[in-house]
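Here is the structure we will look at, set down as structure tokens.
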Amino acid sequence: MRNIFRFAWNSTRGYHLTPWRSPYLRWRIETYTGLKMDKIGFFAFWGFMWRERYELARFMKWTAEMENYARPKPKNP
């Protein structure tokens, strides 16, 4: 769950309270669905998040695994 919040916080930089206005997230939704960025508003954003919630959870799990490879914990602290 912590990874979901970390990704959401980092990907909505400057748009924390309005994630549907984040150019990065709109671009990601556009490349995933084909819906144009200028057509993504509040309802389209949250509708996408609800429809794809299981795929998004799988993506978050994958990003957590990749973070463990990118930033391994030191063996001798």
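The values are calculated or read from the model by the stated rules, or taken from the named source; none is laboratory data. Remember, it's a predicted structure, so these values are computed and weren't measured experimentally. Positions of Cβ are backbone-derived with ideal geometry, glycine not excepted, and every protein chain shown enters the neighbour counts.
Brief remarks follow.
- Positions within region 1-21 being of a type in the set (S, T, Y) and closer than 18 Å to M60 by Cα, in sequence order: S11, T12
- Applying the condition of being of a type in the set (V, I, T) and under 19 Å from F5 (Cα atoms) to region 15-72 and asking which residue is surrounded by the most Cβ atoms within 10 Å (Cβ to Cβ) yields I29.
- Lone qualifier among W27, W9 - being of a type in the set (A, V, I, L, M, F, W, C) and at pLDDT 90 or above: W27
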